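Some notes on the structure that comes next.
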Amino acid sequence: MEKELLKNKRLFTIFNTERINRAIGISPKKGKIASYVIPFLIHTNLKGFPGYIDGADAAGGIYSFDWTEAMKSAVKEFFPNSKILDEGPARLFPANYRVESLLIMGSIGSIAHNEKSDYDYWVCINESAIPSKELELLKKKLKIIEEWGYKHEMEVHFFPVDIKRVQNYDFGESDKESAGSSQGKILKEEFYRTSIFVSGKIPLWWIMPAGIDNDKYNKYKESLKVSIDLDYQGFVDLGNLENISSDEYFGAALWQMNKAMLSPYKSVLKMALLESFIDPATSHEILCGTLKKAVFTSDDIGKSLDHYLIMMDRILDYNNVRGRSDVVDLLRKCFYIKVGEKIKKGATLKSAVKKDKSYREIVMEKYTEKWGWGSEILEDLNNYRDWGFEKVLMLGSQVHNFMIQTYRNLTDKLKTEADIKIKISDEDLTMLGRRLFSLYSKKPNKVEYLKRAFDEGLLQDSLTFNVGMDKNKNIIWSLYSGQLSKETIVNAREKLLKRGNILDILIWIVFNRLCYEKTSFYLIPNPLPVSMIDIQTVVKELQSFFPPTSIADLQRDELLSDSHKIKIFAVVNFLSQRWVKKIEDVTIFYNTSWGELFCEHYKSMDGIKKLLGYLAENPAINAKDIQDYCKVFIPKSEFSDTLYKEINGIIMRQLGSGTKT
């Protein structure tokens, strides 16, 4: 047993070192910071260095910290004026440690690693052995280092994890970065598969033989405790992982659909992986086990093994066997866009003579060649940021439709298994489900949320408005991409939306972030009272009143409570002739605590009565803070000020105050 464990440790170390070298090769500056500087900052508590906590040496420290020449060189590179770095370990390093192991989880060092990748660290601790005050200081120290990382354009996140809890698959409640109760085993599988060991204790799982059950795992662990050549204290036991049970999948699928709101093409790949896991007709070997087996048996350990490619091969093979050519095509495109390495047809021969050919370039040339992609496909995907509006939406629809269908497939399969208990807390289920409900549900007067794969292509440099009539002589407003004239609009292809009321179009533009400060608006001349200035002004007002929000960022407390109105914006007489003295039309916009936005149209005083009713729903609102909660907009005219005073007076009387807003 001991010889096997020694061999496994050696092979893991080779593989892990190659991952670190690859990460530094892909992003030299950030790679050095991540692999060398950050562990140094966590281990030490030196005045003048990021992470310093006055009089709190016990707040950091990493077990068996290795002060290598490579690390020393990197730290000096970023702190060239610090003379203390030439001091001995006794002066530099604390006597005690609180961090058992430091690891990076995610895409770092893989084909999916790029300059924009986040650096997510697991900071493994024994929480019960750390006084609460010291734990708070450690978290404070990590926060300071995160902020220092931002100054170097690095998105760094530290996740302190308790070793005992991780052994029991307990990762706490769900938040923006954590999968919470829904997928303990799945998160541990992803951790073992994607993590890079940085400093401290090596994960015990990584030196154990591949595919062993818990009994054998414990036997190997006992033998390690009496080993002569291996120090048991040099390993952190985060627990074995035999398999992933079906009861993990529902919550995991729900979580990935929520993640798709932030990173659609990445979540598509993970969702496809979940489906391949649960299918009884496929191999149930977990991917981290597949990777470990390859590390222990490969002739070329580091250079040919990439956890992201192992995942891609699994999901592409799974869907190819089932004849899902459309799904395979979508997964390939999402993978290519996610990687972001632009490959050009014919570049393989030219780049073969290059000495600085990158790892990412080598891999993507190999895969695109294998898929038979020609120059037309490659050129199209290389320029996806320049795609037209319809094409961007088409990919977005494909992504979201795939997510919904795969989610249905998963839940259908789970329903066939007897006595299954879904592993997700009621609160997580409610919160995550309401996010999906907010995104996908259709309700009367609800503003459509565009299903996007990415933001590029939706932002418009210019937009043209046109008005006409349908066959029933009803007014129809149309929105087009680009600057068009009365002559060119006849053959225009990029019609984005058409509605009977232009305000429906304007709120749709604002809600879906189609315009920004440099977007130019154009209006085809027409006899209606709505002017270009009116359009520009109300859009600016709406953007200010309803700032961009992400459904994925909605607060947990809000999602666990009943939906309620957050802000109300009323537009009066936008469609009326500008000489009109009385209230003729009222449009009410309001957004809710669940991230939905609604648009309602009313005639004359019916709209004001509805507005007053909505204000009455929130008894906490008073005259003092009404401006933050409710706004009334009237297009400029001879009588707009008079109308505004009339409406404002009605509102103030309801609020029990005559104070002018």
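The values are calculated or read from the model by the stated rules, or taken from the named source; none is laboratory data. In this text the structure is predicted, and so the values were computed from the model without any measurement. Counting neighbours? That spans all protein chains shown, and the Cβs are built from the backbone with ideal geometry, glycine included.
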Can you find a residue in the stretch 16-32 that is modelled with pLDDT of 95 or more and in contact with a Pro (Cβ under 6 Å, 6 or more places away or on another chain)?
no
So for the stretch 574-589 (the condition being within 38 Å of the chain's Cα centre (by Cα) and under 29 Å from Arg556 (Cβ atoms)), does at least one residue qualify?
yes
Output the number of residues of the stretch 456-471 satisfying the condition of being of a type outside the set (Gly, Ala, Ser), closer than 27 Å to Phe589 by Cβ and more than 33 Å from the chain's Cα centre (by Cα).
5
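Please determine, by comparing only the residues of the stretch 479-492 that are free of Cβ contacts under 8 Å to residues at least 40 places away in the same chain and under 33 Å from the mean Cα position of the chain (by Cα), which one is nearest to Ser637 (Cα to Cα).
Residues of the stretch 479-492 that are free of Cβ contacts under 8 Å to residues at least 40 places away in the same chain, as a first pass: 479-480, 482-483, 485-492.
With under 33 Å from the mean Cα position of the chain (by Cα) added as a condition, the list becomes 479-480, 482.
On the way: Leu479: 25, Tyr480: 28, Gly482: 29 Å.
Here the answer is Leu479.
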Taking the stretch 93-113 as the search range and keeping residues that are of a type outside the set (Ser, Thr, Tyr) and out of contact with any helix residue (DSSP H, G or I) (no Cβ under 7 Å at 6 or more places or on another chain), which one is surrounded by the most Cβ atoms within 10 Å (Cβ to Cβ)?
Leu103
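Do we find that Glu190 is in contact with a strand residue (DSSP E or B) (Cβ under 8 Å, 6 or more places away or on another chain), of a type in the set (Asp, Glu) and closer than 21 Å to Thr290 by Cβ in this structure? So that I can check it myself, show each step before the final result.
Working: in contact with a strand residue (DSSP E or B) (Cβ under 8 Å, 6 or more places away or on another chain): yes; of a type in the set (Asp, Glu): yes; closer than 21 Å to Thr290 by Cβ: yes.
Yes; evaluated as a whole, the condition is true for this residue.
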Under the condition of being under 13 Å from Asn591 (Cα atoms) and not β-branched (Val, Ile, Thr), which residue from the stretch 559-570 is farthest from the chain's Cα centre (by Cα)?
Ala570
Checking Val490 against (1) closer than 20 Å to Pro525 by Cβ; (2) touching a strand residue (DSSP E or B) at 6+ places or on another chain (Cβ under 8 Å); (3) not hydroxyl-bearing (Ser, Thr, Tyr), which test does it fail?
(2)
How many residues are at pLDDT below 90 and either among the hydroxyl-bearing types (Ser, Thr, Tyr) or touching a Cys at 6+ places or on another chain (Cβ under 8 Å) (or both) when one looks only at the stretch 450-487?
2
For the condition among the basic types (Lys, Arg), touching a helix residue (DSSP H, G or I) at 6+ places or on another chain (Cβ under 8 Å), part of a helix (DSSP H, G or I) and surrounded by fewer than 18 Cβ atoms within 10 Å (Cβ to Cβ), what is the one hit in Lys9, Lys3, Lys29?
Lys9
Do the conditions hold for Gln577, that is, is it surrounded by fewer than 20 Cβ atoms within 10 Å (Cβ to Cβ), under 30 Å from Gly482 (Cα atoms) and not assigned by TED's automatic domain parsing to the domain that holds Val490?
yes
In this structure, does Tyr359 turn out to be modelled with pLDDT of 95 or more, surrounded by 14 or more Cβ atoms within 10 Å (Cβ to Cβ) and farther than 30 Å from Leu479 by Cα?
no
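Residue under question is Leu378, and the condition is that it be closer than 24 Å to Lys116 by Cα, modelled with pLDDT of 95 or more and among the aliphatic types (A, V, I, L, M); does it hold? It would help to see each step written out before you state the result.
Numbers: closer than 24 Å to Lys116 by Cα: yes; modelled with pLDDT of 95 or more: yes; among the aliphatic types (A, V, I, L, M): yes.
Yes.
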Those residues of the stretch 275-302 which are over 26 Å from the mean Cα position of the chain (by Cα), modelled with pLDDT under 90 and surrounded by 14 or more Cβ atoms within 10 Å (Cβ to Cβ), in sequence order:
Asp279, Thr282, Glu285, Ser298, Ile301, Gly302
Of all the residues that make up the stretch 32-70, how many are surrounded by 19 or more Cβ atoms within 10 Å (Cβ to Cβ), assigned to a helix (DSSP H, G or I) and without any contact (Cβ under 8 Å) to a residue 60 or more places away in the chain?
4
Inspect the stretch 559-570 for any residue being touching a residue at least 60 places away in the same chain (Cβ under 8 Å), touching a helix residue (DSSP H, G or I) at 6+ places or on another chain (Cβ under 6 Å), closer than 23 Å to Asp628 by Cα and part of a helix (DSSP H, G or I) and give the result as yes or no.
yes
Among the numbered conditions (1) buried (at least 18 other Cβ atoms within 10 Å of the Cβ); (2) closer than 17 Å to Val571 by Cα; (3) in contact with a strand residue (DSSP E or B) (Cβ under 7 Å, 6 or more places away or on another chain), tell me where Cys515 comes up short.
(2)
Name the residue that is nearest to Pro209 (Cα to Cα), counting only residues in the stretch 263-292 that are touching an Asp or Glu at 6+ places or on another chain (Cβ under 8 Å) and of a type outside the set (Val, Ile, Thr).
Cys288
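Among the residues of the stretch 503-526, write down those that are farther than 20 Å from Glu596 by Cα and in contact (Cβ under 8 Å) with a residue 40 or more places away in the chain. Working first, answer last.
Filtering the stretch 503-526 down to residues farther than 20 Å from Glu596 by Cα leaves 516-526.
Of everything in the stretch 503-526, those that are farther than 20 Å from Glu596 by Cα and in contact (Cβ under 8 Å) with a residue 40 or more places away in the chain turn out to be Tyr516, Lys518, Thr519, Ser520, Phe521, Tyr522, Leu523, Ile524, Asn526.
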